[in-house]
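Data first, discussion second: the structure below is written as structure tokens.
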Amino acid sequence: MRPAYPLTGPVARSTIGLWTTVDDDAFIRAMTDTDLAAFPDRSVAMVRAFAPALERALLINGAIAVVVAILGTPLIIDRLPFPLGPVLVAAVGAVIGTAAAYLSVPAELRRAFEAYSWLGRTEMDRFRARTGGPVPVKPDDIDRWLAATPPTPATRMARIEILAFVGRYDDARLELDALGTTTPEDRFEAASLRQYVGWLETGASDTAELAAAAAALPPGSLERRMAEVNLAVADARVGFMQRDRTWSTALQHVRPSLGRAAAEIAFRDTWLKFAGLSFALAAVVALVVLLLR
């Protein structure tokens, strides 16, 4: 099972391709390595950037949950009635496993991931509000969404990013040219799309227009914070693709401006899902131990 990443986008120019996403109903949809291979490398750069640490954390989470279930079940089997015993063992395994998983991710990378998660949740909520549905994730889902969703003022920006994400750069630019930008927020989104499409197509990342558009947004506003994190994501993508070990620095620097909300979102969208997976695993192992007794 892949880790449960929050899905960013699509307007975050970052993570449509996160290979596991949890929607509002906590339904986990896995994107496999084959799915990743279907997209251009730069489209899934941030997936690959965070994957090693989160996959290691997931393995630690599951391993500890299993050990707790194996060792703990015999200790409580005669002390607590069924099913209270296995439930308690599973809960302890989930808490310890998730805490260990969280601590296994270096603090600097956790801060970067929290900023990234904050943007992801914010953008995903905005996508749903604009289009009336969840972000498409898998290649077939994306094709169906594009076919069923005509360009309108509400959907055009989402369509542009998704078209670029799957490598349809000419189509993305045609729709980008048709955008109307009458507000500072619109101008920032258009600048972000131009930077994103250009980077995906050529690998060149010019953020001058993007930075100028961000500076025009009201200081302290949600839009300004989103713009600042978007700039950090743009920097991180390029750094990761260039194999720069400091690729997450910009995301780390922007993290303090997001306050507790970023940690809460990462907890709810990622670490709480880790806990759910380890609870289920520990519960199954505890039941097996009981049956084999």
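The values are calculated or read from the model by the stated rules, or taken from the named source; none is laboratory data. Please read all numbers here as calculations on a predicted model, not as lab measurements. Because the Cβ atoms are built from the backbone with ideal geometry, glycine has one as well, and the counts that use them run over all protein chains shown.
If you go through the stretch 96-113 and keep only what is within 19 Å of residue 276 (Cβ to Cβ), in a helix (DSSP H, G or I) and within 22 Å of the chain's Cα centre (by Cα), you end up with 97, 98, 99, 100, 101, 102, 103, 104, 113. The single condition from (1) under 30 Å from residue 243 (Cβ atoms); (2) crowded, with 24+ Cβ neighbours inside 10 Å that residue 109 fails is (2).
Can you spot a residue in the stretch 114-136 that is surrounded by fewer than 21 Cβ atoms within 10 Å (Cβ to Cβ), modelled with pLDDT of 90 or more, aromatic (Phe, Trp, Tyr) and in a helix (DSSP H, G or I)? Checking the stretch 114-136: not a single residue is surrounded by fewer than 21 Cβ atoms within 10 Å (Cβ to Cβ), modelled with pLDDT of 90 or more, aromatic (Phe, Trp, Tyr) and in a helix (DSSP H, G or I).
Identify, from the list 234, 212, 204, the residue that is closer than 30 Å to residue 155 by Cβ, free of Cβ contacts under 8 Å to residues at least 60 places away in the same chain, assigned to a helix (DSSP H, G or I) and among the hydrophobic types (A, V, I, L, M, F, W, C). Talk me through it step by step, then tell me what you get.
On the way: 234 fails: free of Cβ contacts under 8 Å to residues at least 60 places away in the same chain; 204 fails: assigned to a helix (DSSP H, G or I).
Sole residue among the options that is closer than 30 Å to residue 155 by Cβ, free of Cβ contacts under 8 Å to residues at least 60 places away in the same chain, assigned to a helix (DSSP H, G or I) and among the hydrophobic types (A, V, I, L, M, F, W, C): 212.
From the list 190, 158, pick out the single residue that is modelled with pLDDT under 90, crowded, with 17+ Cβ neighbours inside 10 Å and touching a Lys or Arg at 6+ places or on another chain (Cβ under 7 Å).
Working: 190 fails: touching a Lys or Arg at 6+ places or on another chain (Cβ under 7 Å).
After applying the criteria, what remains is 158.
Tally the residues that are among the β-branched types (Val, Ile, Thr), closer than 14 Å to residue 42 by Cα and in contact with a Gly (Cβ under 9 Å, 6 or more places away or on another chain), restricting the search to the stretch 145-201. Selection size over the stretch 145-201: 1.
The number of residues in the stretch 215-231 being farther than 21 Å from residue 182 by Cβ and assigned to a helix (DSSP H, G or I) comes to 4.
Quick check on the stretch 161-187: of everything there that is among the β-branched types (Val, Ile, Thr) and either in contact with a strand residue (DSSP E or B) (Cβ under 9 Å, 6 or more places away or on another chain) or surrounded by 17 or more Cβ atoms within 10 Å (Cβ to Cβ) (or both), which residue is nearest to residue 219 (Cα to Cα)?
Step one: of the stretch 161-187, the residues among the β-branched types (Val, Ile, Thr) are 162, 166, 181-183.
Next, from what is left, pick out any that are either in contact with a strand residue (DSSP E or B) (Cβ under 9 Å, 6 or more places away or on another chain) or surrounded by 17 or more Cβ atoms within 10 Å (Cβ to Cβ) (or both): 162, 166.
On the way: 162: 29, 166: 34 Å.
Taking the candidates together, the pick is 162.
Among the residues of the stretch 238-249, those that are at pLDDT below 95 and in a helix (DSSP H, G or I) comprise 238, 239, 240, 241. Among all positions in the stretch 187-199, there is no residue which is closer than 26 Å to residue 163 by Cβ and touching a Pro at 6+ places or on another chain (Cβ under 6 Å). The set of residues in the stretch 202-229 being surrounded by 12 or more Cβ atoms within 10 Å (Cβ to Cβ) and among the polar types (S, T, N, Q) consists of 205, 207, 221. When the residues of the stretch 115-153 are filtered to those that are within 11 Å of the chain's Cα centre (by Cα) and charged (D, E, K, R), the one that is farthest from residue 189 (Cα to Cα) is 121. One residue is enough: does the stretch 283-293 have a residue meeting the conditions in a helix (DSSP H, G or I), farther than 30 Å from residue 85 by Cβ and either in contact with a helix residue (DSSP H, G or I) (Cβ under 7 Å, 6 or more places away or on another chain) or touching a residue at least 40 places away in the same chain (Cβ under 8 Å) (or both)? No - not one qualifying residue is present in the stretch 283-293.
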